[in-house]
1. On a 0 to 90 degree scale, rounded to 10, what angle separates helix 96-108 from the longest Cα axis of the chain?
2. Charges only on Cβ, +1 for Lys and Arg, -1 for Asp and Glu: so what's the dipole of segment 203-314 about the Cα centre, in debye to the nearest 20?
3. With θ set to phi - 60° and the Karplus curve 6.51 cos²θ - 1.76 cosθ + 1.60, what are the ³J(HN,Hα) couplings of segment 82-88 in order, to the nearest whole Hz, using x for Gly and Pro?
4. In terms of Cα to Cα distance under 24 Å, which lysines are near enough to LYS49, apart from those fewer than 8 places away along the same chain?
5. Once both axes come from the Cα atoms, what is the angle between helix 10-21 and the longest principal axis of the chain, in degrees from 0 to 90, rounded to 10?
6. May I ask for the Kirkwood hydrodynamic radius of segment 79-218, worked out over all distinct Cα pairs and given in angstroms to one decimal?
7. Rounded if a/c is under 1.5, else prolate if a/b beats b/c, else oblate: with a ≥ b ≥ c from the C-alpha gyration tensor eigenvalues square-rooted, which is segment 257-314?
8. Identify all aspartates and glutamates with a Cα-Cα distance to LYS299 below 19 Å; exclude those on the same chain that are fewer than 8 residues away in sequence.
Amino acid sequence: MLSIIGASGNLGGATLSALLSHNLLPPQSIIAITSSNPNSDTWGSLAAKGVEVRHGDFDDPSSLESALRGSTKLFLVSTPRIALDFHDAPEGEGREKHHKVAIDAARKVGVKHIYYSSLAFGNPSKAGVMRAHVRTERYLKGLGEDDVKVTVLREGLYNESWPLYMGYYDPKEDERGSVRLAGDGKVCWTGIEDLGVGNALVLVAPGEEWEGQTVYLSTPPEMAKTMAEIASMVAKGRGREVSVEVVGRKDYETYYINEKKMDPGAVEWWSSTYDALEDGECLIDDHTLVKLLATRGKKPVPVEETVAAMVTEG
């Protein structure tokens, strides 16, 4: 049995859909774990896919133990509660706290292989968004092979997430002609649907094929685009001038905190992402995802297509 924690989210949902649409696993062999209650739309939507739905909450270790019972594999999608990471959260208090709860629950009930969704930044990384991932990866790799097998999936930055990197840009309503950023650099943008297929194929492969590996799933370097290039795509799609202005971290933080009235903890945590972009951390020279997609007759969706769709369709 394969359990997915985060099956109702973007990445987990795409992975579940790929498993089913490509007939990689029968629905009765998949457990979708959600913090939602049985009367919710989320629960109903998952159940309609024919998979077994169970309740599990990072804040309740016993619920995760119950939800994971009978599983041999776990796909652990990182928790979306990013506020845990703000204000330089010390070791054990960031998002890794939730990840460790799930990992320990899986170990306790006898899960044999854990697949963890990380991000495709460099190693080491300057990005604050990577701190919890790195801590989780370190915890997983510290477990003995007799304990549980581990595969880390470093997922390419989503095509669909470009607005976050482009100054929290609203694809349809934003009126800014110039967007302030703390830095820029090439990014191997990767579609969520493509990542779902890549994840699914890794999950159903014999465990020893990916055991003990850190696997990068992203588009190749020749498809990478900078934020300046993304801005040009947005300008073309919206029929108006849009560009980026690199102002450095201090000015970036001051602007978004004071002028845009954003949460200082969130802005300061996020601003370090641009140091990583400047260093080329997200220019990933790896064709693993391309090869996996090819086995299903697919090619990666270029970010140009995603941007065009988002600015014209919303």
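Read-outs: derived from the displayed coordinates by stated rules, not from any lab. In this text the structure is predicted, and so the values were computed from the model without any measurement. Cβ: placed from backbone, ideal geometry, glycine included. Neighbour counts: every protein chain shown.
1. The two axes meet at around 20 degrees.
2. It comes to approximately 580 debye.
3. Values per residue, Gly and Pro as x: 5, 4, 4, 8, 5, 6, 6 Hz.
4. LYS73, LYS298
5. 50 degrees
6. About 16.7 Å for segment 79-218.
7. oblate
8. Within the straight-line cut-off, LYS299 pairs with GLU155, GLU160, GLU193, ASP194, GLU222, ASP285, ASP286.
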